Structures are given as structure tokens and as C-alpha cells.
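The structure appears right after this line, and notes come after that.
The values are calculated or read from the model by the stated rules, or taken from the named source; none is laboratory data. All figures in this text were calculated on a predicted structure; none of them were measured in a lab. Cβ coordinates were reconstructed from backbone atoms using ideal geometry, including for glycine residues, and neighbour counts include every protein chain displayed.
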Amino acid sequence: MNTRSIHEPIIRMINIEKHFGSVIALAGVSVDVYPGECHCLLGDNGAGKSTFIKTMSGVHKPTAGEIIFEGKPMHFDDPRDAISAGIATVHQHLAMIPLMSVSRNFFMGNEPLKKIGPLKFFDHDLANQVTMEEMRRMGINLRGPDQAVGTLSGGERQTVAIARAVHFGAKVLILDEPTSALGVRQTANVLATIDKVRKQDIAVVFITHNVRHALAVGDRFTVLNRGQTLGTAQRGQITPEELQDMMAGGQELVALEDSLGGTI
Amino acid sequence: MNTRSIHEPIIRMINIEKHFGSVIALAGVSVDVYPGECHCLLGDNGAGKSTFIKTMSGVHKPTAGEIIFEGKPMHFDDPRDAISAGIATVHQHLAMIPLMSVSRNFFMGNEPLKKIGPLKFFDHDLANQVTMEEMRRMGINLRGPDQAVGTLSGGERQTVAIARAVHFGAKVLILDEPTSALGVRQTANVLATIDKVRKQDIAVVFITHNVRHALAVGDRFTVLNRGQTLGTAQRGQITPEELQDMMAGGQELVALEDSLGGTI
Amino acid sequence: EGERYVLVSHAPDSDSWWNTIKNGIALAGEQMGVEVEYRNPPTGDIADMARIVEQAAASAPNGIITTLADYDVLKGPIMDAVASGVDVIIMNTGTPEQAREVGALMYVGQPEYDAGLAAGMRAKDDGVTSFLCVNHAIQQPTVGERCQGFADGLGVELGESMLDSGTDPAEIKNRVMAYLNANPDTDGILTLGPVSADPTILALEENGMAGDIYFGTFDLGDEIVKGIKSGVIQWGIDQQPFLQAYLPVVIMTNYHRYGVLPGNNINSGPGFVTADALEMVEKFAGEYR
Amino acid sequence: MSQTAQSQTVSDERVKEMSALRRALIRPELGGLVGTVAVFTFFLLFAFDSGMFSSQGVMNWSTVSAQFMIIAVGACLLMIAGEFDLSVGSMIGFSGMMIAILSVTLGWPVWLAIIVTFAMCIVIGALNGYIVIRTGLPSFIVTLAFLFILRGFTIYLPQTIERKTIISGVRDVAEGDWLAALFGGKILTGFFTWMGQAGLIETFERGTREGQPVVDGIPMLIVWAIILVIFGHILLTRTRFGNWIFASGGDAEAARNSGVPVSRVKILMFMFTAFCACVFATCQVMEFGSAGADRGLLKEFEAIIAVVIGGALLTGGYGSVIGAALGALIFGVVQQGLFFAGVESSLFRVFLGIILLFAVILNTYIRRLITGER
Amino acid sequence: MSQTAQSQTVSDERVKEMSALRRALIRPELGGLVGTVAVFTFFLLFAFDSGMFSSQGVMNWSTVSAQFMIIAVGACLLMIAGEFDLSVGSMIGFSGMMIAILSVTLGWPVWLAIIVTFAMCIVIGALNGYIVIRTGLPSFIVTLAFLFILRGFTIYLPQTIERKTIISGVRDVAEGDWLAALFGGKILTGFFTWMGQAGLIETFERGTREGQPVVDGIPMLIVWAIILVIFGHILLTRTRFGNWIFASGGDAEAARNSGVPVSRVKILMFMFTAFCACVFATCQVMEFGSAGADRGLLKEFEAIIAVVIGGALLTGGYGSVIGAALGALIFGVVQQGLFFAGVESSLFRVFLGIILLFAVILNTYIRRLITGER
Ligand SMILES: Nc1ncnc2c1ncn2[C@@H]1O[C@H](COP(=O)(O)OP(=O)(O)OP(=O)(O)O)[C@@H](O)[C@H]1O
Ligand SMILES: Nc1ncnc2c1ncn2[C@@H]1O[C@H](COP(=O)(O)OP(=O)(O)OP(=O)(O)O)[C@@H](O)[C@H]1O
Ligand SMILES: [Mg+2]
Ligand SMILES: [Mg+2]
């Protein structure tokens, strides 16, 4: 997968800065993402990972810096723009609405339409059918498409969000700590999905705090620290221990090494 | 640490059941916790871990079953009872109030009092001083004790919650997925804290989805599955792989093994 | 020249009857060359009104013209105002005796109960035996007195015949229709002002009782005048609010300028307006009538 | 994905199954339906011969309910979108007053007055929404401010312009106006006349209208109510925009992240609420021929109550227009029914409060069943 | 823990430091303080010689502000505890009416009537709270129901018992009652008489009270307001219970898990709000000697507005009693000041709405600075 770098990057983030009032969340971060790679974004709490991918998905407008998408400069005014350009995001804090049914959630913002005369209606039948099918493929057995998301477990919700992002044919799939609240089985599921998606030549940006999860599926690793990037490494060019030290903000966790036995 | 089992358990949960309307969250779970051990509670999403520790900390009343605390049957009517008995809990969804200051949060429910004549007042000076000191010991540098918790990062909040639980001299410290949203450094910090607390002969109940975190600090491991316990294992009696399979609800994650390289 | 007077009413902002009052003081102010301010409690809360009387007294005007909507509540503030050197005239509600008690110069108005009583006696003479009183301001005690007076005039119990109609016209209309439907033997209606009278007219037109049922109302307005003209309404009790506003200003100004004061109270009503001689009423209804 | 497919057919033994009937019944409107049935049963038993169910009686409570429905539809959609509007009542007063001032005082043609008023109301609605979105303040506060501001102007304007707070004569100037007829007219008058002649409905026995049918047509008010309910229901359940309304109210942040234009949805709903208030006011002005400064007092609460009785969630993201319409019907029937039944009229408020409490408790129970909320 | 101690002194280069002055200024009360200064400056400039700042004038707006304060303290603590109460206004009407009915109509001794009424109000407050806690319904809905229920009884009871909606004569029966004096009396009368004799304040010029000072004491209403504000402030900021109030409103679930008895706190705050409403009503009845069915209309909004102007967060967990008291002061001064300044009274609402909007926007800005909220 090292061959990826001879492709054109699908999205280039150049010197992105983001300030919130007196807080400087990003102080110039540059990252290129190639199609078909799983690009891991690592870093300490508050390093700016979520903020960074939010500028990528149109939630925040960068204070400074440039976004080049498929070779052309892009300005995302809101998440709709990014979504229609092909950037799908599963946000850290769940992007699901508990009171709504699974199928309404699945198609939220991308509702399928059916024309009746000059009018366009939400095509519930299609939506229900697609939802049931996609959920079944992800191994989730719904009572029905009108089951409320509030009745699903956290892991199931996460899976719905990922299935949704994949289904809408994203060119870039951004996952912000998708595994942090998941059990072992659900985690395996998500990692397998990432693997599958990557093989369809979709670019995946994967944020995690777990070195092992990153190493399991990542092709390249970018570490953020206090709003700045510590650089990008290719798979195989870096040992788990090095990665872990970088993730901890460059501070070595010597004292723990013994009792915890290696990477966390 | 295998010697623990000859002690008296500090808390015995016997055949705990908990039903929510038509949902059976716990179908008879028994667990003993000994002083000075770190007892890991593992299991899939929705296995009932949070529900189980909530019956232990007085949030839920068990539908059936018995709680023996220090040899005597106990009925916790609300969390206050459990707290005053010496059971401190850091809940999965943060138990901090963002709009309130760190020191008010720290002492929430345990406010130090100062007598002025016949009246009792909240002793702010003491609270502020203790808070600053405890936070400094945990490596968090506050702007001041009146800084709002809302201005702290997720990892910092988690640390405040743990520091609070430890400070109030708990005999049992319950941590519900304390590391799931934390960075590497913060995680190391939390694990080190658990280790330190355990050495003070406090019983720690530690919930996690991360096998490595569990193995790093755990003395005994109880796995829950669909509201039932799959049994308790001592450290050294079980391999990481076995543990992982049990956590995934007894289903082996064969296909992933290769690409993910071992335990997740 | 340039005396300053304050008129304090008990009516909520929305009560349209008080327009005539405002127009009356505006005209009197202009003619006499004095400044007259109108004040009222926004929600019609009489306790708030007491504060306004106190406030008016504190602003040291030459005189205060006020209603006596609740003698108990307003007695204190008015007496304080009088004692601090502000002359007071009572208008609209209250009685001449109460006006004397609080130390006011005089009383100009129509005692509510008496007006209701007079109306009730008139209706009794016209053969009415049972009635519906449409009260759009149930929370205001003073207007309710009219219903009580009317009942006493008729010589019947008030009982359930006072309807709490609310102020929404559609609800008033439909409640009146519902009441008449459920109590078909009702043969008289009393409304307490344009707010309740206008929709009641429509209700009667719609259920076909217009002109058939005995219908009297307090106060005047465009629709009421039309109703009197077309025979739907037998009479409107005109308490002549214009006079209640205009006269106190004129009297007070003359009293302050020349020391002259009428020797008696002035009853501005009740005057029954019927289909005869409606021309002037029609022209100025809601504005000066 | 093969390794996960194994869990495909695992049904959860920890959840008891619900019967099909029970599942079919459990809908947001259920509370409203149950309430409606209960209310009608009650009045059929206790006020049957009071005239409540004569054609005139039916028209009576239908009209009142239709009024509530018109504002309830707007309030319902807005509430589902996660906001609410306390300025509805003041807006009703304000728009009625504007129509009267423009047409009567300034002498504009009525259709122009109506159109300008609608435009003005919708702009004010948009302003409400814009302030809520921009400042992030709760809509309670922002619309409370507008409750006072609009009511203030409604009293102040006619007072300074006309020296009155009731402006009448709208009916006269509206005579023959095409747009006014859309709000103040009646339809099917021919049909009702025929029915009267055929003896199918009662006719007047005395008075000026002797021989005419007691109900001579369906007022446009009811037509508007039906149109708005149907429109709102279809919009909410059958369109993309409806999904956005749910999403915006359920979790604005999540919806925004998924590409739903939340700000636009919310502002549009504020505008729609203002539109409904304006329809209400226009119908009222055209029917009664006058506008008063006190029109619409407390209507904001009545709208919210109808919507809540109809099963919507005050905090947004859940509800149904049909439910709100049933809520309005319950409200109207109870209010008028108590008069027919001869209950002391000031007790109406007590009943209203109690019904409200019971309705929300029932609805909460139903909602928990549906959404699995805890 | 040694490995973590290294981060101990690392200051965050990503946050700009705030100056000490700025930090000292930024308090929840700041908005209220700024508003108070602005309002007084305004009226000192534009209404100085209108009598607003004469002793009588000062007493006038102080009394009105004190009234607002009494209900604002209750509303403030309740709002910080995360709930609010729309039934305050109806509660005022209801409790006044109860005192009047018990003492005048039924002839009970006044002290007994007052005590029974207080007990009744507090029970109703507890009921409000209990329903909110038990059903999990929003307090908006529950207290809206009680708004109607209590107002209904306030109209119905005197109507059926006495056939009027106003009951007078309380002052006569309260003559010499020890408890009534606590609500309707005045203090420091001797001091004011002395001031009058010494020519420090104006005296009456004629009538029965000639020579007496125009202001002859501090009414108990103001004393109650001051006591309640001090009590509320100390309770909130200096006691354990105060911390619980903040916690319950900030996040009830988190607070409950930490051992805060949230239900108890909330129910107690509903009771305290009812108590404040009852104090208001009792002072009013004792001062004016009568109770009317229209007392307290819209007071719930006025209380909420004062609290919000004073910087509290509608959604709970944040606010200050001093702020609420300042909000009440602003409200009272503006309301009476506009009269003194001779502004057309219907414009008062417009001003109120605009002040409310500006105040909350300012307060939101301040709060974000303090809490780092996003
Ligand atoms: N809307 C906002 N307003 C102000 N500050 C913000 C905002 N969003 C993020 N920040 C700040 O920006 C910094 C970066 O936050 P961000 O959420 O991107 O961190 P992260 O790397 O995703 O951390 P985590 O691993 O805990 O999710 C933090 O200091 C955070 O407090
Ligand atoms: N208050 C409640 N009402 C109804 N069902 C509940 C409630 N709390 C938990 N449950 C259900 O009980 C089951 C166990 O939930 P619990 O939160 O204990 O799982 P968990 O093991 O903590 O999972 P996770 O690892 O995702 O935190 C789930 O099916 C959940 O949906
Ligand atoms: Mg993040
Ligand atoms: Mg859990």
C-alpha cells in the first residue's frame, strides 16, 4: 500500500488553522489523504483531531489554510457541501437522533425522493428496504425499519452511522473515534468494515487513541499535538512504541512500561 | 495477589437481577470484590456492566438479589447511601457538571462544612485549597479552583472525577470505562492511579472494553454476557486470547485475527 | 396655564372602551391648555393600579383623576395623594359616598351596580324573565356588578346566567350560541361592552335569534350602534365616557385657575340609547361616544 | 463481513415481543385518539340532548376546534423542529390590527392589505427565528420578548393613528374582495340550502332567517384548518423536508453534521407559525369585521396545549400534526361541551389544566413505548 | 504518579491570558449591574425633576421592585435548580383569595387564615414538584396546567361562595392581628416621623395626616424582599444546599449519581417558589385589604424575566440571586420610570421586550466567558 503516494491525493489540507475566540485549536496542520488508504489521525486529548476533521467535513470553516479536493480548491460552507462532494463523516459524538426511526436516521440529509406528478415525496418504501438490507449486511437485526434509534445499543448506533456513510458512496470516509465505546466484537466489526471500505478505493480517515487499532488497519499515521502536526509516517516505518510516544505528546511513559507491559 | 481470596470480600453481589420494563438487563449476576484487588468487569456492549455497577452504587435498586457489604446485607436507597458506606463511582457518562466550578464539582454531594454559630456553611476556602492540591497531584494545572469544568478537556474531567472518588476515602472505587475517550497519556495516568489506589487496600472495580488495559492492572476478571456472568478468572489463569473471546460473547473473531494481528 | 393632570384607570391595555376616555382627555387638554396623562395597569391588576396612583402622586401633578375600581385597595393611595396636596376627582367606577370618604373633590360617572339595576328594571318592564349576562372580563370585579344589578332589577337570581366568555370573539360567539342552545328558554341578553356585544350580535344573526331575543348592552361602539339601528339591540346603556374624562379635566382646571367647583356629583349615566336619535351617536361611536 | 453475519438471526431473548396489534396501535397520535374518543363518549352521555350534536351544535364546536387547529399546526411543526413560539397570540392581534389599519384607515384595497400583512408577519417570524439561531438563546426568551413587543405595537399603533383600539368596518370594505372571500366566506352554501329545503337539517323557526337552514355553509375557517392539517401532515411525514424537521428538533448538532440545513428549517418553521397566526387573524377579522388590540391573548398557550395533548414532545423531535389536530379538537369540544353541559363556566380552566396533565402523562407513556426512551 | 507530575507547570500556550481586572469583573451579576447603572443613568438624565427621586418617588419604585424581587428570588432558585414555574401568577391570585375567604367569609382569625394558606400553597408547590419529578414531564407543562387550575379556582370559589370575584374587608378583620402585621405593617415609623419633623423629608400639607411625613416607614414588603434576597443569596452561594441547587440544575443525572438528593432539592425549590408567591400575596392582601380574581396575572413571566435579566440560565445550573434582585430592580425602575417620564404607557411592553432581548444577549456573552461554554 505504499504505492498510494504516487496517486494524486483526493484531498489535501494545507496549513489549516482554526481559532475559537481566544483558543487556538489548530495552528497550521497539513495532511494529504489518498484514495484507498486508511489514514490514521492520532494524538492526545484536545490535540485538535476532531477540530481538524470538522474543517474537512464542512462543520467548521478554517480560520486560515486551503483545502484542495480532487485537485481543485474547495470551500465548504456547511456539511451539506462536503457531503455532496463525497466526504462522509461519522462524528465522535454520535450523529444519530434517538427519537427518530432507523430508516429516517439512515437517510437523514440524503432522503430518497419519489415523484408523484410535479411533487417530490420521501420514498419511505425504498428507504425502509435499503435500511433493512444494509443493517442486515452489517449484522444488525432490526425489529423493523421504524424502530427508533433510541432503542439500539451504542455499538449498534455506531454501526448504523458507519453503514450510512459507506452506503452514500463517499469518496472520503471520516471516522472520529468510532471504536472508543465499543465492545470487542463491535470493534472488530468496525475495523473489518474499514478494511473493506478501503479496498473499494475509498479514502478513510480514522481517528483513534488506541495504537493497536491504528496499527491494525492504518496505512499512514499522522500525529497531532497541541494543534500542530508531528509529521506523517508510513506503515512499517514506525514501531508501535514510537507511535505511542508521539501520541502521548512526545513524553515517554517510562514508569508505566513495566507494569503495563508495552503499548496501551 | 492470589492471596486475596482468603480475605473476606468487602462487597458480595449475589444473584443480582434487574429488569427495565420489558427489558431484562441483568438475569442473576454474582460477583465478590475483595479489598486491594482490581476487579475487571468485561463484556460486550449492552452486556449489563453499567447496570450492574449501578446497582452496586445505589443508582438502581436490584429487582432481585442481595448485596452484602462488609458482611452485612445492605439496601441502598439512593447513591448517597452507597457513597456514605464508602462506595465511590465514576460513571461512564461523565459525572461532572460543566457549568459549575472545579471545586464545587469536586465536593458535590460531599461539601465540607464550617460552623458559624449554630449554622453550617459550605467551607469554600477548604474546598478550593483541597481541590487545587488534589488536581496538582494528578498533574492538572488549574487556572483557579473557580474555573468551570466546561473549560476542561475530556481527559481532564475524567481525572477530576477519579481524583474526587479517591479523595473521599472510598473503600470501593468503581470506574465505568474511564479510559474509553482518553488519550494515551491520560490513559496511562488513569491506569497508574488505579494501581496506586489498589495498593492502598481499596477495592477497585474497573470496567473496560480494552483487553490490554484490563490485563495491565486487573487481578481478577469477570465477564458479563447478555445479563449473565460467564464466570470469574484470576490473573494468570487466563490468556489474553481467551479473555477476548469471552468478551466478544463467546464468538471467536477468526477472520480478523490475521489482519489485526492478535488481541484488539 | 400648563397644569398637569394624570388620569389613572383600572383597565388593561387592551380594553377598547377606554379609548373614548383617552380622546376625552386629549380634547379637554387641548381646549384648556393643560397636560393630561393617561395611565393604567397593563394587565388590569388593581394592586398594580394602586402603585400607579402612588406613582402619580409622587410625580406631583396638580390633580389626579382616577377610578375607584376597588375601594379597599385604592383608598390608601388616594388619601395619601390628597393629603400630599394633590386634588383628586373620582370617575367611572365607585360611588359618590366613597368619593367623599377618600377626600376627592367630586365624582363623575355611573355607579355600576345602579346602572345594572336600572337596566334590569327596564328589561323587567319589557317582559324579560330570564337572561344571559356575557361577561368578557370575569377577572375584573367591577363589571360583574352590572350583571348582579341587572339580576336584582329583574328580580331573579344571578345563578349560572353569568357567562365567563373570554375575550376571543370566536369563542365569545360560540359560547353564547352554546349557552342559548343549552338554555332555550333564555329571553334576554346583557352584554357588558363592545368586546362581548359584537360577537354576540353575530351569534344571534347566525342562530336566527337576532331581533327576536331581548338584547341590551352596556357601552357603545360601531357595531352596537348598527345593531341598535337594525333592531337587534333594544338599547345600549351609555355612561358617556367622554364626559367622564372631559368634565373632570375641565372642572379641575377651572377649580385650580378660578376656584370654582360644581356643588354636586355628576352622573354621566345611565342613559339609554335606543333606535331614536342615533345620528350623532353613530358618527362618534367608539371615539367620543 | 462473514464473521459478523452469524449474529444475523439472533433474536434478543432479553426483550419480550410485542403483539402486532399493540404495535399497530402505538403511534404518536394514540393519546390524541384515545382522548378524542373519551371526550366524545363523555359528552354523548352527559350532554346529548343539550343541542351539542344538532347540526348547529356541531358547527359550533367545529368552528372553535378549527380555530385551535390553525395555530396548532404551526405550533406543532415548530415544536417538532425543536423550538416554540410564545408570540403567536400577539402576532394574531398584531396582524389583525395591521389588516384593519391598512384597509380601513389607510383605505388600501383589502387584498393588498392582506398580502402586505402576511408578508410582514412572515418577516417577523423569520426575525424571531434568525435571532434564536444567531444568538443561540432559548426560543422561550426571544419569543417572550416579541410577545411584549408585538402586543405593545398592537395597542400603540391604532391608538396613535385612529384614537381607538378597536377598528371596525373591515367587513364593509372587504365586500366583494376576492382575497377576503378566501378567508371570510363560506363554501357549499347551495348544498346546505338544499339540505334545509329537503328537511335534512333543521331550519330556523323564527326571526329574520326563518326557513333558512340553521347551518348555511362551511366557513372558510374550517376549510383552512383542514387544508393546513393535511399540508402539515404530508409535509411532516411524506417529504424530505419533514425528515429535516424531525432531525432538527431531535438533535440540531447531529442533524447539522449530517447535512441537514438546520438553521433554514428552524427559521422556515418560525415563518410558517407566523403564517398560521396570520391566517387565524385574517379569518377572524373577515368574519367579525373588526380588529381589536386584545385579540389572541393567551392563544400561544392554547396552541402549545393542543400540540402537547396531541402527543408532541415539548423539547422537539417527536410529534404528529394529526395528533395536534386531535388535540385542538379535544380542546374545542371540551371547551364548548362544558357550556352545552351547563357547567359553571369559570371551571373550564380547571378542567383544561386537568386534561392537559392527564394527556401528557398518557402521551409520555406511549412515547416511551415507541422510542425506547428512558 | 511521578511520570505525570512533569506536566504540572506546563501552561497552555494555546490560551491567551485574561487580565485580573477582567476576571474580577466577570461574574453572573455583571449583566444586572451594568443594566442597573444604565437604567439609573437614563432616568437621572431624563426624569430627574419628575418626582421620581423624591422620597415618595423612591418609595414608589422601591415598592414595585420589592414586589418583583420577592417572586424573583423564588423563581431564580427554582430556575437554577433546573425547573420553572408558570403557576406563580395564579398562585398569587389563589393564595390572596384563600386568605380573604378564610378570614372574611368564614370568619377565621387572620393569623390562622394566613398560616393555613401558606401551608396550602406550599403543599401545592410540592405537588407541582412531585408531578414533575415522578412523571419526568417538563415543568413548563405541569405548571401550565396549574396556572389554569389555580386561576380557575380563584375565580370559581369566590363566585360560588360570595357571588363576586373580589372579596374586601380583610384590613378590618386584620386589625391588631400579630401575624398580619408581619406582612402589612411598616417599620422604622418613628425614625421617619423624626425625619419629617426635622424637615429631612417632605410632609403632608393637608388632610387628616397633615404634618406627617409623606413616607412614614418602610413597608414590610420591602423588608421581606431584602430578607428573601439575603436568604436566597446565602443559601445559594454559602451552603451545601446551594451547591446541590446548582448541581441539580446543571445535570440532574450526574448530580444524582454523585449523591445529591436531586428530587428533594427540586421539590423543595418548588415549595420555596410557592412560599414566595404566598408572601407576595399576603403582603398585597394585608396592604390593600382585598383579594381579587385578577391578582397576579402574568406575574410568572415577570418573575422569569427579572431572573433572566439578572443573568440566570433558563435551562438551569447557572445564575445568581443578587442578579435576579438587580433584574427585579431594573424591571421596577423601568416600569415606574416610564410613567414618571411620561412615556405612552402602551409602549412599556415594547421597551420591556427590547430590554429583555439585550439583557439576555449580554448575559449570554458574559456566561460564555465564565464557563467556557461553546
Ligand atoms: N467550538 C469550540 N469552541 C472553543 N474551543 C473549542 C471548540 N471546539 C474545540 N475546542 C478546543 O479546541 C481544542 C481541540 O479540541 P478537539 O475536540 O479538536 O480535540 P481532540 O483532538 O478531538 O480531542 P479528543 O481526543 O479528546 O476528542 C481543545 O482545546 C478544545 O477545548
Ligand atoms: N434505564 C434503562 N431502561 C431500559 N433499558 C435499559 C436501561 N438501562 C440499561 N438498559 C438496557 O439494559 C441493557 C444493559 O445496558 P448497560 O448499559 O448495562 O450495558 P453495558 O454493558 O454498560 O454496555 P456498554 O459497554 O455499551 O456501556 C441494555 O440492553 C440496555 O439497553
Ligand atoms: Mg475528538
Ligand atoms: Mg456501560
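For the subset of the range A:9-23 comprising residues that are farther than 18 Å from A:I174 by Cα and within 16 Å of ligand 3 (Cβ to nearest atom), which member is nearest to the other protein chains (Cβ to nearest Cβ)?
If we take residues in the range A:9-23 being farther than 18 Å from A:I174 by Cα and within 16 Å of ligand 3 (Cβ to nearest atom), then A:V23 is nearest to the other protein chains (Cβ to nearest Cβ).
How about the range B:44-160: which helices (runs of 4 or more DSSP H) wholly inside it have at least 3 residues that are without any contact (Cβ under 8 Å) to a residue 12 or more places away in the chain?
Qualifying helices (runs of 4 or more DSSP H): B:124-137.
Please work out which one of (1) away from ligand 3 (no atom under 16 Å from the Cβ); (2) at pLDDT 85 or above is the condition A:L175 fails and give its number.
(1)
Give me the helices (runs of 4 or more DSSP H) completely within the range E:178-281, filtered to those with at least 2 residues that are touching a Gly at 6+ places or on another chain (Cβ under 9 Å), ordered by residue number.
E:189-197, E:220-238, E:240-250, E:252-257
Take the conditions touching a residue at least 60 places away in the same chain (Cβ under 8 Å), buried (at least 24 other Cβ atoms within 10 Å of the Cβ) and over 19 Å from the mean Cα position of the chain (by Cα) and apply them to D:G292. Does it pass?
The answer is yes for D:G292.
Filter the range C:214-273 down to the residues that are under 15 Å from the mean Cα position of the chain (by Cα), at pLDDT 90 or above and more than 20 Å from C:L27 (Cα to Cα) and list them by number.
C:G216, C:T217, listed by residue number.
Which number in (1) within 15 Å of the chain's Cα centre (by Cα); (2) at pLDDT below 85; (3) more than 16 Å from ligand 3 (Cβ to nearest atom) marks the one condition that B:Q200 misses?
(1)
Inside the range A:86-112, can you point out the residues that are within 7 Å of chain D (Cβ to nearest Cβ) and on the phi > 0 side of the Ramachandran plot?
A:G109
Taking the options D:L150, D:L188, D:L221, name whichever one is within 14 Å of chain E (Cβ to nearest Cβ) and in contact (Cβ under 8 Å) with a residue 24 or more places away in the chain.
After applying the criteria, what remains is D:L150.
Of the numbered conditions (1) surrounded by fewer than 18 Cβ atoms within 10 Å (Cβ to Cβ); (2) of a type in the set (D, E); (3) more than 9 Å from every other protein chain (Cβ to nearest Cβ); (4) under 17 Å from the mean Cα position of the chain (by Cα), B:E242 satisfies every one except a single condition; which is it?
Only one criterion in (1) surrounded by fewer than 18 Cβ atoms within 10 Å (Cβ to Cβ); (2) of a type in the set (D, E); (3) more than 9 Å from every other protein chain (Cβ to nearest Cβ); (4) under 17 Å from the mean Cα position of the chain (by Cα) is unmet by B:E242, namely (4).
The conditions are (1) within 14 Å of chain B (Cβ to nearest Cβ); (2) modelled with pLDDT under 90, and E:G289 fails exactly one of them. Which is it?
(1)
Residue-by-condition table, conditions (1) modelled with pLDDT under 90; (2) away from chain C (no Cβ under 14 Å):
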{"position": "E:I161", "(1), (2)": "yes, no"}
{"position": "E:V170", "(1), (2)": "yes, no"}
{"position": "E:A180", "(1), (2)": "no, yes"}
{"position": "E:F183", "(1), (2)": "no, no"}
{"position": "E:E210", "(1), (2)": "yes, no"}
{"position": "E:I227", "(1), (2)": "no, yes"}
{"position": "E:G232", "(1), (2)": "no, yes"}
{"position": "E:I245", "(1), (2)": "no, yes"}
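Output the number of the condition that A:T208 fails; it satisfies all remaining conditions of (1) away from ligand 2 (no atom under 16 Å from the Cβ); (2) free of Cβ contacts under 8 Å to residues at least 60 places away in the same chain.
Unmet condition: (2).
Given the criteria of a type in the set (S, T, Y), more than 16 Å from the chain's Cα centre (by Cα) and closer than 30 Å to B:N210 by Cα, does B:T159 qualify?
For B:T159, the condition - of a type in the set (S, T, Y), more than 16 Å from the chain's Cα centre (by Cα) and closer than 30 Å to B:N210 by Cα - is not met.
Rundown of residues vs (1) out of contact with any Asp or Glu (no Cβ under 9 Å at 6 or more places or on another chain); (2) within 16 Å of ligand 1 (Cβ to nearest atom); (3) more than 10 Å from every other protein chain (Cβ to nearest Cβ), yes/no style:
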{"residue": "A:K114", "(1), (2), (3)": "no, no, no"}
{"residue": "A:M132", "(1), (2), (3)": "yes, no, yes"}
{"residue": "A:Q147", "(1), (2), (3)": "yes, no, no"}
{"residue": "A:G154", "(1), (2), (3)": "yes, no, no"}
{"residue": "A:A161", "(1), (2), (3)": "yes, no, no"}
{"residue": "A:L173", "(1), (2), (3)": "yes, no, yes"}
{"residue": "A:R198", "(1), (2), (3)": "no, no, yes"}
{"residue": "A:A216", "(1), (2), (3)": "no, no, no"}
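Of these, E:I322, E:I361, E:I305, which one is away from chain B (no Cβ under 14 Å) and either among the acidic types (D, E) or surrounded by 24 or more Cβ atoms within 10 Å (Cβ to Cβ) (or both)?
E:I305
Answer yes or no as to whether B:P62 is more than 12 Å from every other protein chain (Cβ to nearest Cβ) and either closer than 29 Å to E:R368 by Cα or surrounded by fewer than 16 Cβ atoms within 10 Å (Cβ to Cβ) (or both).
No: the conditions fail for B:P62.
Report the residue count in the range A:218-234 for those that are under 19 Å from the mean Cα position of the chain (by Cα) and among the basic types (K, R).
1
Being within 16 Å of ligand 4 (Cβ to nearest atom) and under 17 Å from B:H167 (Cα atoms) is the filter here; which residues of the range B:58-97 pass it?
Here is the first cut: in the range B:58-97, the residues within 16 Å of ligand 4 (Cβ to nearest atom) are B:59-60, B:89-95.
Residues satisfying the conditions are B:T89, B:V90, B:H91, B:A95.
On the basis of being in contact with a helix residue (DSSP H, G or I) (Cβ under 8 Å, 6 or more places away or on another chain) and either within 16 Å of ligand 4 (Cβ to nearest atom) or within 9 Å of another protein chain (Cβ to nearest Cβ) (or both), does A:G36 make the cut?
no
Can you list the helices (runs of 4 or more DSSP H) lying wholly within the range E:5-83 that have 2 or more residues being of a type in the set (F, W, Y) and either crowded, with 21+ Cβ neighbours inside 10 Å or modelled with pLDDT of 85 or more (or both)?
Helices (runs of 4 or more DSSP H) meeting the threshold: E:30-46, E:55-80.
Residues of the range C:182-196 being under 17 Å from C:N19 (Cα atoms) and assigned to a helix (DSSP H, G or I), which ones? Let's see the steps before the verdict.
Step one: list which residues in the range C:182-196 are under 17 Å from C:N19 (Cα atoms), which gives C:192-196.
Answer for the range C:182-196, where residues must be under 17 Å from C:N19 (Cα atoms) and assigned to a helix (DSSP H, G or I): C:P194, C:V195, C:S196.
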